[in-house]
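A.B. asks: First, the structure itself, so that you have it in front of you.
The values are calculated or read from the model by the stated rules, or taken from the named source; none is laboratory data. Only a predicted model underlies this, so the values are computations on that prediction, with no experimental measurement involved. Every residue, glycine among them, receives a Cβ derived from its backbone with ideal geometry; neighbour counts consider all protein chains shown. The area values use the complete protein model at the heavy-atom level, side chains included, leaving out ligands, DNA and RNA. Shrake-Rupley method; radii C 1.70, N 1.55, O 1.52, S 1.80 Å.
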Amino acid sequence: MMLSSKILSRTKPLTFPCRKSISTFTFLSQEPQLATPPPPPPPDPTPLPPNPASGSPLYSENWRINPLFHAPNSAALRPLGFDSSLQSMAQSLDVKSLLDLFADWTTAQRWADMKQVFEFWIRSLDKNGKPNQPNVDSYNHYLRANFMTGASPADLLDLVVGMEDYGLSPNTASFNFVLKAMHNSRELDAAQKLLHRMEQTGNESQPDDESYRLVIEMLLFKQRIDSALTIIEKALKSGRVLSTRVFNDCVSACIRRDKLDVLVSVIEKCKTMDQNKALLPYWPLCNDVAEVALQNDHSKLAFLALEFIARWIAKGQNTKPPIFISVDEGLVVSALGTAGRTYNSTLLDASWSVLKRSLRQKKVPNPETYLGKIHAYASLGNLQKAFTTLIEFESAYESFDKEAKEEMFSPFTSLSPLVVACSKNGFETLDSVYFQLENLSRAERPYKSVAALNCIILGCANIWDLDRAYQTFEALSSSFGLTPDINSYNALMYAFGRLKKTFEASRVFEHLTGLGIKPNAMSYSLLVDAHLINRDAKAALSVIDEMVVAGFTPSKETLRKVKRRCTREMDYESDDRVDSLAKKFSYRLASENRRDMLFNLDYSTDYA
């Protein structure tokens, strides 16, 4: 223990070297204190008033000394084509005299001089010693000069934007010069954007007739029909005037793309506007529109096309000397057919009116035209007007020979639609027509027609009413004092044949031959049908032999019906005779296999 204490007493005491303080500053208080606010800034000086000089970009320069015209006389500093006389002229002009000068130069087409004078003038000083201030009209003259000298649309658009530097707002004429340049270079997308921008701006730069015309022509040229029609409708709603060229191009595009309903809406909209109702397609285009409308049975468009044709006819007659324009009568016949199929009486009346005006009472319409009108009225159910047309038809061709008139007024062929219309409601319609004809025969100017009564006889046969048919046949001579023709006897034979009265039909045939009336091909065909209804193929063939001897040729349909009856009656001898007749007349009779399948069906209940 004492040893350990001695060892501890001999060791050196532990001492640390003296270290310097981290900071030489005095002790900082750790409590938060507010920062001293900065001193307030000095007050702004009173601002200057706004610059009274405005209206010219030269105010941003030293406008009191013209840097272009007061430069040293060095050719390198003068622009190409510099004319000192134009410069001196520009310095002496005010706005009014400048406009008068530009008006004269526009007539003389001095576009390059107009550009230079305007550029000199806006860099010159007026009488008050300040830069000249252009107005919109003078600047538009400058735009016109740039356009006529071949400036690009981009350059013209930059000039239009530069109008703001002079405190000017571009008007419609300013933008139209840009649109014209775009029209010439076919920049369609840019033109559409510019037109849309014009529509969004104020009243002074709204699109006018010229603006819409330029864009529509480009759209039609690029075959963008839908977009063109949209802009046309927008222009019409805005009350704008369509040019004749745009209207013709629109009509042509619509008939090429079969947009007939859209074309009708455009034409009808133009008709309601005083400024557009005088629009008229050129003559060949009117005929093209009518043909396309009739091919598609579009009665509204056909009516509008006939209106255009009528206006052309009237326009030619009013000129001095008059120009007589005639419509193709075949076109009128097609229009009458469309009127009958679409039940449009307005188109029917317009077609006939155009034809009468075209003929100018110098000739009567063709028989096909009369028949087309009769068919149309029959389809409409207007039997009174149908028979009135038949009266006109008969009086117009009264001088024709007997055989031609019998064929022309046959109830089996040409007047068949009228027969169908008479028998549509059964005996009621037939009796009504009969009594009307009876009243007409007793009028002050009596009308008696064998053709009209033949239609009633055949109509009675169509409704299986033999009594009415025979009574009407007898009334021809007893009540009306007329002589039955071959069509009258044929209609009576048809009435007997439908009811399987073959003997009576044969008696009618023998009666007419006994009277010296020559049978026609229809007479023999009806007698053949009467025998076939009684399943007598041999008698039918004997009638065909008489028909051939009389100089008539049996139709292919008649031989086919006889052959079908021979097959079903298993009369192979008669079938061979039919084949020989078909070979003689160069007919190729089709196979009856499909008909035989239906004829030989087993209708028993074994498969039930």
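A.B. asks: Does region 272-298 hold any residues that are closer than 17 Å to R245 by Cα and either hydrophobic (A, V, I, L, M, F, W, C) or free of Cβ contacts under 8 Å to residues at least 12 places away in the same chain (or both), and which are they?
C.D. replies: Within region 272-298, K277, A278, L279, L280, W283, P284, L285, C286, V289 qualify.
A.B. asks: Within region 160-170, is even one residue modelled with pLDDT under 90, in a loop (DSSP other than H, G, I, E, B) and open to solvent by less than 50 Å² (accessible area, probe 1.4 Å)?
C.D. replies: Among the residues of region 160-170, at least one is modelled with pLDDT under 90, in a loop (DSSP other than H, G, I, E, B) and open to solvent by less than 50 Å² (accessible area, probe 1.4 Å), which makes the answer yes.
A.B. asks: Oh, and also: Report every pair of residues separated by at least 6 positions or lying on different chains whose Cβ atoms are under 6 Å apart, first residue within region 178-204 and over 18 Å from F221 (Cα atoms), second assigned to a helix (DSSP H, G or I) and open to solvent by 50 Å² or more (accessible area, probe 1.4 Å).
C.D. replies: Partner pairs satisfying both residue conditions: V178/L157.
A.B. asks: Just to confirm my filter: which helices (runs of 4 or more DSSP H) fall fully inside region 177-295 and include at least 3 residues that are farther than 23 Å from A305 by Cα?
C.D. replies: Correct list: 188-200, 209-221, 225-237.
A.B. asks: For the structure I just gave you, tell me whether T346 is open to solvent by less than 60 Å² (accessible area, probe 1.4 Å), within 22 Å of the chain's Cα centre (by Cα) and either closer than 23 Å to V264 by Cβ or at pLDDT below 90 (or both).
C.D. replies: Here the answer is no, as T346 does not meet what is asked.
A.B. asks: Out of all the residues in region 429-448, which are in contact with a helix residue (DSSP H, G or I) (Cβ under 6 Å, 6 or more places away or on another chain) and assigned to a loop (DSSP other than H, G, I, E, B)?
C.D. replies: Y447, K448
A.B. asks: Separate question: Please enumerate the residues belonging to region 368-416 that are under 16 Å from G459 (Cα atoms) and in contact (Cβ under 8 Å) with a residue 60 or more places away in the chain.
C.D. replies: F387, F409, S410, P411, F412
A.B. asks: Something else about it: Looking only at region 98-137, which residues are open to solvent by 20 Å² or more (accessible area, probe 1.4 Å) and part of a loop (DSSP other than H, G, I, E, B)?
C.D. replies: Within region 98-137, Q109, R110, R123, D126, K127, N128, G129, K130, Q133, N135 meet the criteria.
A.B. asks: Let me ask something else. Which members of region 265-280 meet the condition of being within 14 Å of the chain's Cα centre (by Cα) and surrounded by fewer than 19 Cβ atoms within 10 Å (Cβ to Cβ)?
C.D. replies: S265, E268, K269, L280
A.B. asks: Right, here's the next one. Looking at region 529-558, which of the residues that are of a type in the set (V, I, T) and out of contact with any Lys or Arg (no Cβ under 8 Å at 6 or more places or on another chain) is surrounded by the most Cβ atoms within 10 Å (Cβ to Cβ)?
C.D. replies: V543
A.B. asks: Still on this structure, I have one more. So how many residues does region 383-412 have that are modelled with pLDDT of 90 or more and more than 14 Å from A452 (Cβ to Cβ)?
C.D. replies: Number satisfying all stated conditions: 1.
A.B. asks: For L359, which of the numbered conditions (1) modelled with pLDDT under 90; (2) open to solvent by 50 Å² or more (accessible area, probe 1.4 Å); (3) hydrophobic (A, V, I, L, M, F, W, C); (4) within 30 Å of S252 (Cα to Cα) fails to hold?
C.D. replies: The single condition L359 does not satisfy is (2).
A.B. asks: So how many residues does region 481-507 have that are crowded, with 18+ Cβ neighbours inside 10 Å and in a loop (DSSP other than H, G, I, E, B)?
C.D. replies: Result for region 481-507: 3.
A.B. asks: Which residue, of F409, F400, is more than 35 Å from the chain's Cα centre (by Cα) and surrounded by fewer than 23 Cβ atoms within 10 Å (Cβ to Cβ)?
C.D. replies: Sole residue among the options that is more than 35 Å from the chain's Cα centre (by Cα) and surrounded by fewer than 23 Cβ atoms within 10 Å (Cβ to Cβ): F400.
A.B. asks: Can you pull out the residues in region 237-264 that are open to solvent by 50 Å² or more (accessible area, probe 1.4 Å) and over 8 Å from the mean Cα position of the chain (by Cα)?
C.D. replies: Across region 237-264, the qualifying residues are K237, S238, R240, V241, T244, R245, D249, R256, R257.
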